[in-house]
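**Student:** Quick one: the structure is below, and I'll ask about it shortly.
The values are calculated or read from the model by the stated rules, or taken from the named source; none is laboratory data. Given the structure is predicted, the values throughout are model-derived calculations rather than measurements. Cβ placement follows ideal geometry from the backbone for every residue including glycine, while neighbour counts extend to all protein chains displayed.
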Amino acid sequence: MHLTKRQREIYDYLKEHIRSKGYAPSIVEIGKRFQLSSPATVHKHLVHLEQKGLIRKQHNLSRAIEVVEEPIREYPLLGNIAAGKPIEVLDHREVVALLPDAGDKDIFVLRVKGNSMIEDHIQDGDYVIIERRNVAENGETVVALIDND
């Protein structure tokens, strides 16, 4: 599920406000927090969050916003990887639960072995989330399959 930067900020603000104060902020408070002068703009963002299943609103009631926690999605852990070495495929199927920002992309997870990717802030034992695709953009770190090896 894709959220705009502003939707993510408002969603995070709603969660924090409800956690810390026990009730949802008002439309005016949300507007002030994000320097949105129009209540209609705040309402539009809340409608989008509701359509995406992240909040529930009781209409015509003040502060009646309930945050629905983002669903967890499981991605397959296919193996281990170290820079310059082949992927060690795992015999048993493991999954890693992550928040679903990937949408319909072909995603899998690899566990890093060794510290050869430390310059990219990827350390031994970290999980890397891989999007399977044929083309990489300039500057991206990639996991490449060469000659099916």
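**Student:** Kindly indicate whether ILE30 is aliphatic (A, V, I, L, M) and at pLDDT 95 or above.
**Tutor:** Spelling it out, ILE30 is indeed aliphatic (A, V, I, L, M) and at pLDDT 95 or above.
**Student:** Another question, then. Cβ-Cβ below 6 Å, separation at least six or inter-chain, first residue in region 112-125 and on the phi > 0 side of the Ramachandran plot, second of a type in the set (Asp, Glu) and outside any strand (DSSP E or B): which pairs?
**Tutor:** GLY114/ASP124
**Student:** Further, regarding this structure: Does PRO71 satisfy being touching an Asp or Glu at 6+ places or on another chain (Cβ under 7 Å), modelled with pLDDT under 75 and assigned to a loop (DSSP other than H, G, I, E, B)?
**Tutor:** No: the conditions fail for PRO71.
**Student:** For region 114-147, which residues satisfy the criterion of being farther than 12 Å from ASN80 by Cα and charged (D, E, K, R)?
**Tutor:** GLU119, ASP120, GLU131, ARG132, ARG133, GLU137, GLU140, ASP147
**Student:** Please pick out the residue among ILE130, ILE55, ILE122, ILE65 that is modelled with pLDDT of 80 or more, within 14 Å of the chain's Cα centre (by Cα), surrounded by 14 or more Cβ atoms within 10 Å (Cβ to Cβ) and not acidic (Asp, Glu).
**Tutor:** It is ILE130.
**Student:** Name the single residue that is nearest to the chain's Cα centre (by Cα) among those in region 2-27 being loosely packed, with under 12 Cβ neighbours inside 10 Å and assigned to a helix (DSSP H, G or I).
**Tutor:** LYS5
**Student:** Here are the criteria: (1) of a type outside the set (A, V, I, L, M); (2) touching a Gly at 6+ places or on another chain (Cβ under 8 Å); (3) at pLDDT 85 or above. Tell me which single one GLU140 does not satisfy.
**Tutor:** Every condition holds for GLU140 apart from (2).
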